[in-house]
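The values are calculated or read from the model by the stated rules, or taken from the named source; none is laboratory data. Bear in mind the structure is a predicted one, so any value in this text is a computation, not a measurement. Cβ placement follows ideal geometry from the backbone for every residue including glycine, while neighbour counts extend to all protein chains displayed.
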Amino acid sequence: MRFHIKLSVLLLMQFSLSIASAQIVKVDLPRGLYAFNIAEDKQGNIWVGLSDGNTGGELALVKNDSLVLKSGNNGIPSGSYHTSVNLPDGGLMFGGSILSGGKPCLVWITSYGIDTIQVPIAISSPFINTISLVNKRDIWLGTASGLLVNSYGTWSIYTTSNGLPHNFINAIQQDFRGVVWIGTELGLAYYIDGTFRTLEQTSRAITNVTQFYNDNKGYLWCGSRFSSEGISVYNGKVWETFSARHGLNDSSSSIFFQDSKGTLWVGSCYHSTRGGLSAFDGKNWMAYPSPNFLAKPCVDAIAEDANGCIWFAGSLSSRKGKGITIFDGEHWTKIGNNTEFPAERVITLFGDSSGRMWVSSMEGLFVVK
């Protein structure tokens, strides 16, 4: 079942998005599951990774605004499809808590169909926190039990015994020089010339990293959702760290996003009452707090639509505000939680190649057309 609702509530908003004829489509999800991951393949198909927030979930394809479950059939296992990565050939790879024979499993989507890749290494915590493609071919998986790497078809596991600061891997990112950075619970490591190394004690980088981001200059940014060390950036030579004294709205960070105009947005969602938004224009930081600019303090979902408008939302509920915020370059518009568009606790935002904005929330999956 699906329904279309005219966005009459948005007709009063004064921003450039042509919304008068837009519609909201609600895509029904299996009971108890939420869309934690949305990805598009080279054919324009939308794939949805479903999860119950723990180890359960499914993989689904969207057809005519309805979900078609692909897991549970033809050897494709059910499980928490929590994360994904786009492949150079236009395919997709999903991970999370997807097990086969008690070992981690990846689901690989190509133009030829769906297949699985089993990791032949048993680990105590097989949940895959993050997937990264290194050198456009090697698969790197961050888990709570170490780093799993597939290079030329051979799997290896790396832990503190190989030089990592901690076995819990939050994030993996390759920079423009080819260096691979690994964010762990107890600090940063990097991989170069076949060796894992930790940063020098004199480095200005933060220690606890939960996400990386490469900007359009090739600079590497990193931040932490659960600590207030600030936001660090690496230009290929030195690290620099920014904090509230430099103009950040909050010294924690939950997401990075650079828009088509080059502005770097950093969302913070430390908890339900503390968070906000910061923007970097290449020289200076600007702070955008709630409720002055934002519908709610929590910002851990950011996306740009086909009209260049930036959408901001958060996954935590707050007594200080509800709903989604849209910025058109001049005006800040708050879409409050309402019956027409009841997306309050937003998990992720995704703008597809057809100009649609996908809004996944604890209240359901919606598509703005």
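Considering only region 186-221, state which residues are in contact with a Phe, Trp or Tyr (Cβ under 7 Å, 6 or more places away or on another chain), under 20 Å from PHE242 (Cα atoms) and among the charged types (D, E, K, R). Those that are in contact with a Phe, Trp or Tyr (Cβ under 7 Å, 6 or more places away or on another chain), under 20 Å from PHE242 (Cα atoms) and among the charged types (D, E, K, R): ARG204, ASP215. Of all residues in region 247-259, those that are under 16 Å from CYS298 (Cβ atoms) and part of a loop (DSSP other than H, G, I, E, B) have Cβ atoms under 8 Å from Cβ atoms of residues that are acidic (Asp, Glu) and at pLDDT below 95, 6 or more apart or on another chain, in SER251/GLU229.
Give region 179-195 a look and list any residue that's over 22 Å from the mean Cα position of the chain (by Cα) and either touching a residue at least 24 places away in the same chain (Cβ under 8 Å) or farther than 16 Å from GLY142 by Cβ (or both), or say none.
Kept after step one, since they are over 22 Å from the mean Cα position of the chain (by Cα), are these residues of region 179-195: 191-195.
Within region 179-195, ILE192, ASP193, GLY194, THR195 qualify.
One residue is enough: does region 339-360 have a residue meeting the conditions touching a strand residue (DSSP E or B) at 6+ places or on another chain (Cβ under 9 Å), more than 29 Å from ALA60 (Cβ to Cβ) and surrounded by 15 or more Cβ atoms within 10 Å (Cβ to Cβ)? So far as region 339-360 goes, no, none of its residues is touching a strand residue (DSSP E or B) at 6+ places or on another chain (Cβ under 9 Å), more than 29 Å from ALA60 (Cβ to Cβ) and surrounded by 15 or more Cβ atoms within 10 Å (Cβ to Cβ). The set of residues in region 110-140 that are over 19 Å from the mean Cα position of the chain (by Cα) and either surrounded by 17 or more Cβ atoms within 10 Å (Cβ to Cβ) or part of a strand (DSSP E or B) (or both) comprises THR110, GLY113, ILE114, ASP115, THR116, ILE117, GLN118, VAL119, ILE123, PRO126, ASP138.
Which residues, taken from region 79-89, are within 21 Å of THR348 (Cα to Cα) and assigned to a loop (DSSP other than H, G, I, E, B)? Once the filter is applied, which keeps residues that are within 21 Å of THR348 (Cα to Cα) and assigned to a loop (DSSP other than H, G, I, E, B), region 79-89 yields GLY79, LEU87. Of all residues assigned to region 196-204, at least one qualifies as being of a type in the set (D, E, K, R) and without any contact (Cβ under 8 Å) to a residue 12 or more places away in the chain. Evaluating ALA189 against the criteria (1) farther than 22 Å from SER161 by Cα; (2) of a type in the set (Gly, Ala, Ser); (3) buried (at least 18 other Cβ atoms within 10 Å of the Cβ) leaves one unmet condition, (1). Selection within region 126-150: residues that are without any contact (Cβ under 8 Å) to a residue 40 or more places away in the chain and among the hydroxyl-bearing types (Ser, Thr, Tyr). The member of this set that is nearest to GLY95 (Cα to Cα) is THR143.
Table: residues versus (1) surrounded by fewer than 17 Cβ atoms within 10 Å (Cβ to Cβ); (2) of a type in the set (A, V, I, L, M); (3) at pLDDT below 95; (4) more than 19 Å from HIS82 (Cβ to Cβ).
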| site | (1), (2), (3), (4) |
| --- | --- |
| MET13 | yes, yes, yes, yes |
| ILE24 | no, yes, yes, yes |
| VAL27 | no, yes, no, no |
| TYR34 | no, no, no, no |
| ILE38 | no, yes, no, no |
| LEU50 | no, yes, no, no |
| GLU58 | no, no, no, no |
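Number of residues in region 156-182 that are buried (at least 17 other Cβ atoms within 10 Å of the Cβ), of a type outside the set (S, T, N, Q) and out of contact with any Gly (no Cβ under 8 Å at 6 or more places or on another chain): the value is 3. In region 243-288, of all residues being closer than 21 Å to LYS217 by Cα and among the basic types (Lys, Arg), the one that is modelled with the lowest pLDDT corresponds to LYS283.
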